[in-house]
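The values are calculated or read from the model by the stated rules, or taken from the named source; none is laboratory data. Keep in mind the model is a prediction, meaning the values are calculated, not measured. Here the Cβ is made from the backbone with ideal geometry for all residues, glycine too, and neighbour counts use every protein chain on show.
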Amino acid sequence: MRKVILLFWLLCLMAVIGLIPEPAALWLKIIAVMLLLAHAIEFILFEKAIKRKGDSGFRSFVMTMLYGVFYFKF
């Protein structure tokens, strides 16, 4: 599952730097921003559960932004 998620973020990065044509790039950017906002809210709401993983604060934040609930639930 993590490889699929990383592939999605790679596609989003490719859309940002212009390697994917419009309108697909626009949709990827919109979805990426929405996911980043959702993951930021998730990080705030589930901070205690995330910190129980034992990782540093920065690593926990980055992993939550990349994987969301899949990071601290599994």
**Request:** Kindly list the number of the only condition in (1) among the charged types (D, E, K, R); (2) within 15 Å of the chain's Cα centre (by Cα); (3) surrounded by 13 or more Cβ atoms within 10 Å (Cβ to Cβ) that fails for Lys3.
**Result:** (3)
**Prompt:** Could you say which residue among Ala15, Ala38, Ala49, Ala25 is in contact with a Lys or Arg (Cβ under 7 Å, 6 or more places away or on another chain) and assigned to a helix (DSSP H, G or I)?
**Reply:** Ala15
**Request:** Would you check if there is a residue in segment 52-67 being more than 13 Å from Ile5 (Cβ to Cβ), touching a Gly at 6+ places or on another chain (Cβ under 7 Å) and not aromatic (Phe, Trp, Tyr)?
**Result:** no
**Request:** State whether one or more residues within segment 21-33 are among the β-branched types (Val, Ile, Thr) and surrounded by 15 or more Cβ atoms within 10 Å (Cβ to Cβ).
**Result:** no
**Request:** Kindly indicate whether any position in segment 38-57 is of a type outside the set (A, V, I, L, M) and touching a Leu at 6+ places or on another chain (Cβ under 9 Å).
**Result:** yes
**Prompt:** For residues in segment 54-74 being surrounded by 13 or more Cβ atoms within 10 Å (Cβ to Cβ) and outside any helix (DSSP H, G or I), which is modelled with the highest pLDDT?
**Reply:** Gly68
